[in-house]
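Everything below concerns the one structure shown next.
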Amino acid sequence: MIIAHNVQAMNAQRQYGITTGNLAKTAEKLSSGYRVNRAADDAAGLSISEKLRKQIRGLSQASENAEDGISMVQVADGAMAEVHDMIDRGLELSIKAANGTLSESDRRVIQDEINQLKVEIDGIREKTKFNEVYVLKGKRVETTKQVPAGVENSGGTMPPWVQFDSARQDGYMSETFTTQNQFVVDNTVSSPDIKTVGIKHSAASIDFSGLTAANVGDLVGTGFHTTCCTCTNYYSVEFVTGTLSTVERSGDNFIYKISIDGVTSGADLVNLIITGTDAGHPNSHFTKLAADPTKPERLYIYDDRSKEDVPTTQTPDWVHGKSNWLDWDYESYDIAASPTHGMFGEGVMREKQTSVSTGYVEAFEQIALQIGADAENRMAIKLAVISSHALGVDKVNVCTEQGADEAITIFHAAKAQVSKHRSRMGAYQNRLEHTVKNLDNVVENTTAAESQLRDADMAAEMVTHSKCSILAQAGESMIAQANQLKQGVLSLIA
């Protein structure tokens, strides 16, 4: 016999602890009505239940939102019903004013009443609101048209090592032709079959001699532009990187995006500029870009008409046999170095547009009703636009018989317009009513599903509670008896 450890009492006490714990859980379930009160009660069930709860609460609110939408639509419809009545009265008055038996003063009296109808139509527009939201007002939108307003410089300062020369340049370069009937401007002939044509008038030049592989990156985002000598075309060069050379057109402005990837010298860059701009020039243009034959890092701009061909019908003997054979004023094609005639400049030119107002229209306002539990569950409602101006009745004047005839047509059109608005509002209301019914049905069935996961079966829990209560009482009795068993040791000691 031992007294240091009462194993029987320990076992009874452990079982008693389990029973009281279960008893506490059943009491919690019975008092809360829920089978799952914490995640430990049913981890998977809790997760599913919370998703269902989220959907239930979201759909319940969506149903309320739809009910609010129905109320707004009913407000709009009721206001338009009054407008309908006023339009009917206006039509009635217009028909009356069109009768030839009325005098001018009679029509003025009728016009006074029509004026009051127009004022009240605008008054309804201003006074009809739902929760401080105008439902018939719409919005005033200015109507404009875009008109050209010249060009604007996008900026971009060229690096200091790029040299511009905007003065008139003479005799910069020459081109060699093998056509016998071409000539030189200075009337000298080098050979009957090879003619050198001097380009005598270059409006500007740009020198990229300072470009190296180390500083080529300075050009990114910069550029230059020139204008045509005879028309409104603008030609711009913009230096870019990471893309192929492209051309885009903005009105009369041609923008050539020249990629400088891989460029290591000024000659490379000039060649890219010439190649890239030739592809996009329109036909029959006179502005040309060319490299200096003796210094390929220098780019020239010139008017293509600074060289001319002798008609091929002329014979070589005629060409060479005359000392003053050219009867043409070469200086008439003198291209001045000015900002509007073939002038290089910093930055890239782009066409500038400006908006000119042409009046205004009254546009529809649109609201979105949240009629579901998810972000995309929205319903757009296009509100009506009701005013004397929108309905076209603001200009009605029945003071003359002709004006009365026109007013009849106007009021007929206004009646049809209001009817269209009311029809749309009625369709919205019917749709929203169906939406509410569907949402309420989904909430009901989702709640039933959530109840199966979350709610406690009170009868079953009561049985469990009774069992645990009896076991707890039995456990208490067993602990007392286990403690009493060790009392027999005292008889040995005595």
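The values are calculated or read from the model by the stated rules, or taken from the named source; none is laboratory data. Only a predicted model underlies this, so the values are computations on that prediction, with no experimental measurement involved. A quick note on method: Cβ atoms are made from the backbone with ideal geometry, for glycine too, and the neighbour counts reach across all protein chains shown.
If I go through the stretch 110-132 residue by residue, how many of them are among the β-branched types (Val, Ile, Thr) and exposed (fewer than 13 other Cβ atoms within 10 Å of the Cβ)?
1
Among (1) modelled with pLDDT of 90 or more; (2) of a type in the set (Val, Ile, Thr); (3) out of contact with any Cys (no Cβ under 9 Å at 6 or more places or on another chain), where does residue 110 come up short?
Every condition holds for residue 110 apart from (3).
Looking only at the stretch 248-266, which residues are closer than 18 Å to residue 161 by Cβ and of a type outside the set (Val, Ile, Thr)?
Once the filter is applied, which keeps residues that are closer than 18 Å to residue 161 by Cβ and of a type outside the set (Val, Ile, Thr), the stretch 248-266 yields 265, 266.
Within the stretch 294-304, can one find any residue that is loosely packed, with under 15 Cβ neighbours inside 10 Å, of a type in the set (Ser, Thr, Tyr) and modelled with pLDDT of 85 or more?
no
Identify all residues within the stretch 123-164 that are assigned to a loop (DSSP other than H, G, I, E, B) and among the aromatic types (Phe, Trp, Tyr); write none if there are none.
161, the sole residue that qualifies.
Here is a check on your reading of the model: is residue 60 in contact with a Lys or Arg (Cβ under 8 Å, 6 or more places away or on another chain), in a helix (DSSP H, G or I), in contact (Cβ under 8 Å) with a residue 12 or more places away in the chain and among the hydroxyl-bearing types (Ser, Thr, Tyr)?
It is false that residue 60 is in contact with a Lys or Arg (Cβ under 8 Å, 6 or more places away or on another chain), in a helix (DSSP H, G or I), in contact (Cβ under 8 Å) with a residue 12 or more places away in the chain and among the hydroxyl-bearing types (Ser, Thr, Tyr).
For the stretch 64-108, what are the residues that are loosely packed, with under 13 Cβ neighbours inside 10 Å and of a type in the set (Val, Ile, Thr)?
If the condition is that a residue be loosely packed, with under 13 Cβ neighbours inside 10 Å and of a type in the set (Val, Ile, Thr), then 101 is the only one that fits.
I'm checking my understanding of the structure. Among residues of the stretch 39-63 that are out of contact with any Leu (no Cβ under 6 Å at 6 or more places or on another chain) and of a type in the set (Ser, Thr, Tyr), which one is surrounded by the fewest Cβ atoms within 10 Å (Cβ to Cβ)?
47
Looking at (1) under 18 Å from residue 22 (Cα atoms); (2) touching a helix residue (DSSP H, G or I) at 6+ places or on another chain (Cβ under 8 Å); (3) surrounded by fewer than 14 Cβ atoms within 10 Å (Cβ to Cβ), which is the only condition residue 461 fails?
Result: residue 461 fails condition (3) only.
The rows are residues; the columns are (1) over 30 Å from residue 270 (Cα atoms); (2) without any contact (Cβ under 8 Å) to a residue 12 or more places away in the chain.
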| position | (1), (2) |
| --- | --- |
| 85 | yes, yes |
| 90 | yes, no |
| 95 | yes, no |
| 101 | yes, yes |
| 106 | yes, yes |
| 145 | yes, no |
| 159 | no, no |
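Taking only the stretch 414-424 into account, find how many residues are touching a helix residue (DSSP H, G or I) at 6+ places or on another chain (Cβ under 8 Å) and either surrounded by 14 or more Cβ atoms within 10 Å (Cβ to Cβ) or more than 12 Å from residue 87 (Cα to Cα) (or both).
Matching residues across the stretch 414-424 total 6.
Do any strands (runs of 3 or more DSSP E) entirely within the stretch 221-262 hold 3 or more residues that are of a type in the set (Phe, Trp, Tyr), and if so, which?
Counting at least 3 such residues, we get 234-240.
Check residue 444 against each of (1) assigned to a helix (DSSP H, G or I); (2) at pLDDT 90 or above; (3) closer than 30 Å to residue 133 by Cβ and name the one condition it does not meet.
Result: residue 444 passes all but (3).
Keeping to the stretch 64-105, report how many residues are part of a helix (DSSP H, G or I) and under 24 Å from residue 398 (Cβ atoms).
Total satisfying the criteria: 19.
Of (1) at pLDDT 90 or above; (2) aliphatic (A, V, I, L, M); (3) assigned to a strand (DSSP E or B), residue 367 satisfies all except one. Which?
(1)
Take residue 384 and decide whether it is assigned by TED's automatic domain parsing to the domain that holds residue 59, within 30 Å of residue 63 (Cβ to Cβ) and part of a loop (DSSP other than H, G, I, E, B).
In short, yes.
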